[in-house]
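Shown next, in structure tokens, is the structure this report addresses.
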Amino acid sequence: MSPPRPDWSGHTDDELVRFVRGGETDAFAELVRRTRRPAYRLARRIMRNHEDADDVVQESYVKAYRALDRFVPGKAMGPWLLTIVARTALSAIRKGKRRAAASLDDPGPDGVVPLAERIADPSTDPEGLDRRLEVERAFAGLSEEHRAILALRVDGDLTYASIAEALGVPVGTVMSRLARAREALVERMNESRKVSPNEP
């Protein structure tokens, strides 16, 4: 009978990184557990379908594992990992490694519930659902550059400096691109309202 696996949940990110560097590779699974949800959310937003997002996340964790020696103790693991996810996703887009984007009405990864129904519970918040769907559809119509930079800021919750590092551009460029992306999103939403006005 094999010995029970150690419980890594009580350790800090820095401690887990030290354990992995010291040969306790099982500790990396706890880092994955802590960061997988935001990592997937960011990858999904940039790649726009489940399969590509999953590929990006898997590749990002391989890269993160190999780069742990470059992780600076005391820094937050989340933003560091999300920067790797963003770079991996943008690289995949540049190389043309992307499947067709999924519609809000397509079934989810479980093959049953469409994304539109998973965004919110329409029975408890019908207006919130409509608003989210409006934003999602407007977002889907943006350019890749605008989608990516909004995803990094909103979904990834990365600082301007982290976004600049991920994109390899100055912070000032990040700020101007974000401003243009937000303007484009608002414009898309306004256009959508003109085409499909709400019922009185």
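The values are calculated or read from the model by the stated rules, or taken from the named source; none is laboratory data. Quick caveat, the model's predicted, so the values are computed rather than measured. Cβ atoms come from the backbone with ideal geometry, glycine included; neighbour counts cover every protein chain shown.
What single numbered condition from (1) under 24 Å from Asp14 (Cβ atoms); (2) surrounded by fewer than 22 Cβ atoms within 10 Å (Cβ to Cβ) fails to hold for Ser60?
Here Ser60 meets the rest and fails (2).
Any chance region 183-197 includes a residue that's at pLDDT below 85 and part of a loop (DSSP other than H, G, I, E, B)?
There is at least one residue in region 183-197 that is at pLDDT below 85 and part of a loop (DSSP other than H, G, I, E, B).
Within region 6-45, which residues are free of Cβ contacts under 8 Å to residues at least 40 places away in the same chain, of a type outside the set (D, E, K, R) and under 30 Å from Arg132 (Cα atoms)?
Passing the criteria: Val32, Tyr40.
Being more than 14 Å from the chain's Cα centre (by Cα) and outside any helix (DSSP H, G or I) is the filter here, so list the residues in region 19-52 that pass it.
Gly22, Gly23, Glu24, Thr25, Asp26
Being more than 15 Å from the chain's Cα centre (by Cα), part of a helix (DSSP H, G or I) and buried (at least 20 other Cβ atoms within 10 Å of the Cβ) narrows it down to one residue among Leu16, Leu90; which is it? Break it down stepwise before answering.
On the way: Leu90 fails: more than 15 Å from the chain's Cα centre (by Cα).
Result of the check over Leu16, Leu90: Leu16.
Can you tell me which residue among Leu185, Leu152 is touching a residue at least 60 places away in the same chain (Cβ under 8 Å) and hydrophobic (A, V, I, L, M, F, W, C)?
On the way: Leu185 fails: touching a residue at least 60 places away in the same chain (Cβ under 8 Å).
Testing whether each residue is touching a residue at least 60 places away in the same chain (Cβ under 8 Å) and hydrophobic (A, V, I, L, M, F, W, C) leaves just Leu152.
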